[in-house]
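The structure appears below as structure tokens.
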Amino acid sequence: MATELGGAKRTSEWWDWSGTKVAVERALMYGEVVCVERRGWKRVYDLAERALPARLLHDELDDAECLRRLVRLAGQSLGVGTRADIADYHRLKGEQVDAVIDGSGLVPVTVAGWSKPAWADPAALAAPPRGRHRTTLLSPFDSLVWERARTERIFGFTHRLEAYVPKPKRVYGYFAMPVLAGGRLVGRVDPAREGRTLVARQVTLDGAKAVPAVAQALVEAAGWVDCTEVRVERVDAPELRGALTLELARALA
């Protein structure tokens, strides 16, 4: 039976872990238990032998093979990446990547506009271009935009979490979320919730073409938090406010 642990004593909401939480996290570190899901901020744990396939549970891998598999997984997940991209994915060191990259199954490639060498997953190179793309708000912690240098290199999109920036110095808002549409990042929304209304405190648009996608992403996000209305407070390009309001009305109808 899985066990849910929030992990904190009543003296603190965050890191003042109970003795039970400390013990289970230690077991997690050694692979005796695994996290099988999250419920809000809480991890749900179960015994490794009940949650993992036997073929994985009983693998006896040396350090080099573990690194090789991590590098391969990073490359498969990224599709293509520089040494720094691949290392960052599982928080490895660059020299660890160097030690196993040749045997990882990834192939060296040259990417137009990139100044550094890169490696790609052969399956990604063989796959035909995808014609469908998701339209949605992304958390600033989403893996697509987490590594800021890669985000700038691929999308030409500079994004910073401004939650810890003094309010007068914020450019895009407290918790601005990038908008993904058509395989591009086309804007930002700083959201809040007031009752059953999702409030877009600040919207930044990459031109008029981004308006339908941002409206669609806002309506979807409203559904995430059980809101039935969307209100826009500020649009960085005031001339696009009317178009965005109209698109929202259509999407909510």
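Solvent-accessible surface of the chain, averaged per residue with a 1.4 angstrom probe and all protein chains in place: 63 square angstrom. For the chain, give the percent of accessible area contributed by carbon and sulfur heavy atoms, probe 1.4 Å, rounded to a whole number. It is 54 percent, rounded to a whole number.
In the assembled protein chains, residue 49 presents an accessible area of approximately 110 Å² (probe radius 1.4 Å). When 39, 241, 130, 150 are compared by accessible area of protein heavy atoms, the largest-first order is 130, 39, 241, 150, using a 1.4 Å probe. Summary of packing: across the peptides 168-181, 222-235, the per-residue average of other C-beta atoms within 10 Å ranks them, highest first, as 168-181, 222-235. Note on the range 136-253: dipole from Cβ charges, positive end direction compared against 149, 192, 251; the farthest Cα belongs to 149.
Under a model in which nothing but the beta-carbon of Lys, Arg (+1) and Asp, Glu (-1) is charged, the range 99-253 shows a dipole of about 220 debye around its Cα centre.
Per-residue surface analysis assigns residue 115 an accessible area of about 110 Å², computed on protein heavy atoms at 1.4 Å probe radius. Applying 1/(1 + (r/R0)^6) with R0 = 45 Å to the Cβ-Cβ distance of residue 22 and residue 76 gives a FRET efficiency near 0.85. Heavy-atom accessible area with a 1.4 Å probe sorts 58, 133, 159, 90, largest first, into 58, 133, 90, 159.
Accessible surface ranking for 37, 32, 1.4 angstrom probe, highest first: 32, 37.
The values are calculated or read from the model by the stated rules, or taken from the named source; none is laboratory data. Worth saying up front: this structure is predicted, and the values here are computed from it rather than measured. FYI the Cβ positions are ideal-geometry reconstructions off the backbone, even for glycines, and counts take in every protein chain you see. Note: accessible area is taken over every heavy atom of the protein model, side chains too, but ligands, DNA and RNA are not part of it. Shrake-Rupley method; radii C 1.70, N 1.55, O 1.52, S 1.80 Å.
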